[in-house]
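Everything on this sheet refers to the single structure shown next.
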Amino acid sequence: MSNEQLFNEFPPISTEQWEAVIEKDLKGADYEKKLVWRTDEGFKVRPYYRAEDLPDVGYLNALPGEFPYTRGTKADTNAWEIVQNVTETCPVKANEVALASIKGGATMISFNVSELNGADDLAKLLQGIDLNTVGVRFLHAKAYLPIVKEFVKYVEANGFDKEKVMGGTGFDAIAYLMRQNKFYRSKEEDLGEALELVKMTEEMPKFKAVNIQGILMHDCGATIVQELGYTLAIANEYFAFATDKGIAVEKFARKMECTLSISSNYFMEIAKLRAFRMLWATMLEQYKPQCDCAYKIRINSVASTWNKTIYDPYVNMLRTTTEGMSAALGGADSITLQPFDVTYKKDDDFSRRISRNVQIILKEESYFDKVVDPAAGSYYIENLTDSIAEYAWKLFQSVEAEGGIITMTEDGRIKAAIEESCNKRNMNIATRRYILLGTNQYPNINEQMADKVEKKVEETNPGLRRYRGAMAFEELRLETERQSAKTGRPKVFLLKIGNLAMRQARAGFVTNFFGCAGYEILDNTGFATVAEGIEAAKAAKANIVVICSSDEEYVTYGVEAAKAAKAEGFIYIVAGNPAEGVEELKAAGTDDFIHVRTNVLECLQKYNKILFK
């Protein structure tokens, strides 16, 4: 059967016909509220897209490896570097970890060189690493010029081919400004160091001298649009500085790379990388570079730390897996997946191995490295790409109109904008509009982590500060663990009565709700009378009694239980938000109502204060 014959069996359906069916299924519900998603970035995402929705822009007809590089800078392969972060600062120990990681499949190593001193330390760090086949990055240096100077000497002394040496530094003077609210020395000196690094590594084309830290914004709570828009603005400051000093833009651009985050919003993250390459090329076009190499930015994608959790940490493996998939499908040039346990302890051989193996499986078993930009032509992803690009470009333009990223950082506007976004995201977590599995939804109630958390130095930067979305819930639950060791674990008794379906559903809700604070949940099959339930709560020595029933039955059972519970000294809570009988319930002694609109975090913080006072 030919394709033409096959598709004749499926008559075309118009958008109007689809919409008519949807409206019918909605049964009068608001289309926008039910089906249209407004992103944190401010644009709307429809429930479906068709060919007619593809934006009328030129890049849709471009191939991989063609301007504006939305589809990637690679034409024949989707290969990427598997990066292993080495957190050890001792050169000998770091070298041991690096060699084991290379043997385990890593093709690039990111070293923490904050404690590196001189040529001898560098030689110990790089001992046994073939720099012609394995890339190296130097991060967290107190000063990059001395390290890079010694690195160039090391490459020459050991006979490595400079054309093949790959990697780069973590140098980004403007990111330092954003964290510290000041330059390390001065704008002129710090940005001048970038020019020196470019000149110093000129003979190593694959070794990048400047690494724009877009991930910093993400880790502090920024949206995708802010991450991309501000990253472009940072790059533009470097280009303006370099060209003012007489450096050709292409000479500087080809020595730059960007480090961007990859989070769990699967399709948005794919679209983000595609959009960023297009925006980069669009920005560079204004400088009229003499070489196409300027348009081809190398993107290092690093799995988000913002969404990683201490509790139920193995879920972090699932998060990094989807993040690695997004990065690969989006065309990242190198990918760093954080070990699942870095939120609460120092990584180890096992967690590092898992972080590498995820990428190895994506390559060797799932063949993600074989197809360039498989998302191309997807109505949904192309529209996301276009929307992200549009909004990020507008933000970039507004930053430039306001004097540039340096000016806006120095007067506090960038910090204020990112903190505003962070607060909105935190509110979504507190109210469970955004789910962190195992932390603010479906917690492992009996999990104990307080003894496993290693003490970490808190950031005290006056500027941007890194943050994780789970931190407030984790502080709450860790407090429960510590206090419970002294006074006993709080007990929540489920007084299930009446309508079977409703009491079971609400019991499940309450279990998840108070489980997020680590309270002990006392479940049961239910009771025929309120008196039986209260007696059982007394016998269990409960602290909180939560009635689980239907709204209609709260007028009778709820009021009776409230009076009985208060007589026994219990905290008494109603699971639900009944439309009627609320005043009667309050008058009878009800302390609280918990439901899907409750701010879970604030509510649990309140009960921790009451129970542990």
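The values are calculated or read from the model by the stated rules, or taken from the named source; none is laboratory data. Just so you know, these numbers come straight off a predicted model, no measurement behind them. Cβ atoms come from the backbone with ideal geometry, glycine included; neighbour counts cover every protein chain shown.
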Legend entry - Odd one out for Cys291, checked against (1) among the hydrophobic types (A, V, I, L, M, F, W, C); (2) modelled with pLDDT of 95 or more; (3) in contact with a helix residue (DSSP H, G or I) (Cβ under 6 Å, 6 or more places away or on another chain): (2)
Inset, instruction - Scan region 238-274 for residues that are in a loop (DSSP other than H, G, I, E, B) and within 17 Å of the chain's Cα centre (by Cα) and jot them down. - result: Ser263, Ser264, Asn265
Inset, instruction - Being of a type in the set (A, V, I, L, M) and in a loop (DSSP other than H, G, I, E, B) is the filter; apply it to region 144-202 and report the residue that is nearest to Ser334 (Cα to Cα). - result: Met166
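Residue by residue, here is whether (1) in the same structural domain as Ala537 (by TED's automatic domain parsing); (2) small (Gly, Ala, Ser); (3) under 28 Å from Arg477 (Cα atoms); (4) assigned to a helix (DSSP H, G or I) holds:
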position	(1), (2), (3), (4)
Gly569	yes, yes, yes, no
Glu580	yes, no, no, no
Leu585	yes, no, no, yes
Thr590	yes, no, yes, no
Arg597	yes, no, yes, no
Leu601	yes, no, yes, yes
Inset, instruction - For region 520-537, name all the residues that are surrounded by 15 or more Cβ atoms within 10 Å (Cβ to Cβ) and either in contact (Cβ under 8 Å) with a residue 40 or more places away in the chain or in a helix (DSSP H, G or I) (or both). - result: Glu520, Ile521, Val530, Gly533, Ile534, Ala536, Ala537
Inset, instruction - Can you tell me which residue among Lys93, Lys74 is under 19 Å from Arg137 (Cβ atoms) and either surrounded by fewer than 20 Cβ atoms within 10 Å (Cβ to Cβ) or in contact with a helix residue (DSSP H, G or I) (Cβ under 6 Å, 6 or more places away or on another chain) (or both)? - result: Lys93
Legend entry - Residues being in contact with a Cys (Cβ under 8 Å, 6 or more places away or on another chain) and either within 15 Å of Ile299 (Cα to Cα) or part of a helix (DSSP H, G or I) (or both) - total across region 220-237: 2
Legend entry - Candidate set: region 132-161, residues that are of a type in the set (Phe, Trp, Tyr) and under 31 Å from the mean Cα position of the chain (by Cα); chosen: the one farthest from Glu88 (Cα to Cα): Tyr144
Legend entry - Of all residues making up region 33-61, the number that are more than 26 Å from Glu23 (Cβ to Cβ) and assigned to a helix (DSSP H, G or I): 4
Inset, instruction - Check Glu447, Glu474 and return the single one that is outside the structural domain of Val36 (by TED's automatic domain parsing), over 18 Å from the mean Cα position of the chain (by Cα) and more than 30 Å from Phe276 (Cβ to Cβ). - result: Glu447
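So for region 197-217 (the condition being acidic (Asp, Glu) and touching a strand residue (DSSP E or B) at 6+ places or on another chain (Cβ under 7 Å)), does at least one residue qualify?
Here is the first cut: in region 197-217, the residues acidic (Asp, Glu) are 202-203.
Retained after the next criterion (residues that are touching a strand residue (DSSP E or B) at 6+ places or on another chain (Cβ under 7 Å)): none.
No, region 197-217 contains no residue that is acidic (Asp, Glu) and touching a strand residue (DSSP E or B) at 6+ places or on another chain (Cβ under 7 Å).
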Legend entry - Segments classed as helices (runs of 4 or more DSSP H), wholly inside region 314-420, with at least 1 members that are touching a Cys at 6+ places or on another chain (Cβ under 9 Å) and touching a residue at least 40 places away in the same chain (Cβ under 8 Å): none
Inset, instruction - Go through region 105-143 and give me each residue that's in a loop (DSSP other than H, G, I, E, B) and either under 30 Å from Glu365 (Cα atoms) or aromatic (Phe, Trp, Tyr) (or both). - result: Gly105, Ala106, Thr107, Gly128, Ile129, Asp130, Leu131, Asn132, Thr133, Val134
Inset, instruction - Quick one: which residue in Ala392, Ala416, Ala430 is within 30 Å of Glu52 (Cα to Cα), modelled with pLDDT of 95 or more and among the small types (Gly, Ala, Ser)? - result: Ala392
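Within region 353-385, how many residues turn out to be polar (S, T, N, Q), farther than 20 Å from Thr321 by Cβ and within 21 Å of the chain's Cα centre (by Cα)?
Summing the residues that are polar (S, T, N, Q), farther than 20 Å from Thr321 by Cβ and within 21 Å of the chain's Cα centre (by Cα) in region 353-385 gives 1.
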Legend entry - Subset of region 542-567 that is assigned to a loop (DSSP other than H, G, I, E, B) and of a type in the set (Ser, Thr, Tyr) - its residue that is nearest to Leu611 (Cα to Cα): Ser549
Inset, instruction - Check region 180-194 and report whether any residue there is of a type in the set (A, V, I, L, M), surrounded by fewer than 24 Cβ atoms within 10 Å (Cβ to Cβ) and out of contact with any strand residue (DSSP E or B) (no Cβ under 6 Å at 6 or more places or on another chain). - result: yes
Legend entry - Inter-residue pairs, beta-carbon under 9 Å, first assigned to a loop (DSSP other than H, G, I, E, B) and in region 434-461, second surrounded by fewer than 16 Cβ atoms within 10 Å (Cβ to Cβ) and among the β-branched types (Val, Ile, Thr), 6+ apart: Tyr442/Ile435
Inset, instruction - Report, by residue number, each residue of region 203-219 that is in a strand (DSSP E or B) and either touching a residue at least 60 places away in the same chain (Cβ under 8 Å) or of a type in the set (A, V, I, L, M, F, W, C) (or both). - result: Phe207, Lys208, Val210, Asn211, Ile212
Inset, instruction - Look at Pro64 and say whether it is under 25 Å from Ile270 (Cα atoms), touching an Asp or Glu at 6+ places or on another chain (Cβ under 6 Å) and in a loop (DSSP other than H, G, I, E, B). - result: yes
Inset, instruction - May I ask you to verify whether Asp56 is more than 30 Å from Val148 (Cα to Cα) and in contact (Cβ under 8 Å) with a residue 12 or more places away in the chain? - result: no
